[in-house]
Amino acid sequence: MNAITYRLPEPGDEHQISACMWASADLWELTDGTPESVAEWKQICDLEELRGRILSGEKTLVATWNGIVVGFIAFRRGNHLSLLFVRREFAGQGIGRKLFTRYSKDLNEITVNSSDAAVGFYQKVGFVQSGDRFFKNGVWATPMKWNKIAVN
């Protein structure tokens with residue numbers, strides 16, 4: 001098996017990033033199935049939305065295997081982890097952890113609003129719940145925080 005490589009995404013990668021996101025989780029795990037929540041998910045995966053993230057200057061990184069995007073991470077507002085996805089068939093290989101550690105070393109604190117399906121992963125890399133679980137745009141999320149001092 002070829003090695004996973006990590007690089008900055010480029011304009012044009014948004015198609016593969018979107019495909020990676022769709023291949024990462026079951027739509028019904030991430031939404032409650034209502035039109036509002038499905039619309040929210042479609043907006044997050046929208047090609048123009050992803051292209052804007054790539055061009056924004058915010059921290060983004062892709063993991064590729066044989067030229068295929070198998071993982072993606074994106075931050076907003078400097079230290080808010082807004083997207084982290086790894087294709088299901090590549091889960092459990094440390095790709096999500098590696099994407100996260102590439103950027104966490106430069107930050108003292110990171111926040112995330114985790115989907116229910118991802119809470120366990122975030123706990124494994126040192127996040128703790130920082131607020132009450134909330135419902136927004138048809139999606140449940142748990143606010144979490146990572147602190148470099150607490151982890152080390």
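The values are calculated or read from the model by the stated rules, or taken from the named source; none is laboratory data. All of these numbers come straight from a predicted model, not from anything done at the bench. Cβ atoms come from the backbone with ideal geometry, glycine included; neighbour counts cover every protein chain shown. With ligands, DNA and RNA removed, areas are computed over all heavy atoms of the protein, side chains included. Shrake-Rupley method; radii C 1.70, N 1.55, O 1.52, S 1.80 Å.
Quick notes on this structure:
- Annotation: for a label point projected 7 angstrom from Cα along Cα→Cβ of T34, residues of region 134-149 with backbone N closer than 20 Å are 134-143.
- Cα gyration tensor category, rounded, prolate or oblate, for the chain with a/c compared to 1.5: rounded
- Residue-span extension gain [R77 to L47] - 0.36 nm each, minus C-alpha spacing: 8.7 nm
- Of the DSSP H helices in the chain, those whose Cα atoms cover at least 30 Å axially and whose Kyte score averages 0.0 or more: none
- Using a probe radius of 1.4 angstrom, the carbon and sulfur fraction of the accessible surface of region 38-137 is 47%.
- What the Cβ-Cβ distance of N108 and E58 gives, at R0 = 22 Å and to the nearest 0.05, is a FRET efficiency of 0.80.
- Probe 1.4 Å, accessible area per residue of the chain, Å²: 53 Å²
- The shape of region 79-121 comes out oblate: with a ≥ b ≥ c from the C-alpha gyration tensor, a/c is at least 1.5 while a/b does not beat b/c.
- Long-range HN-HN contacts of S24 with modeled amide H, under 5 Å: R88
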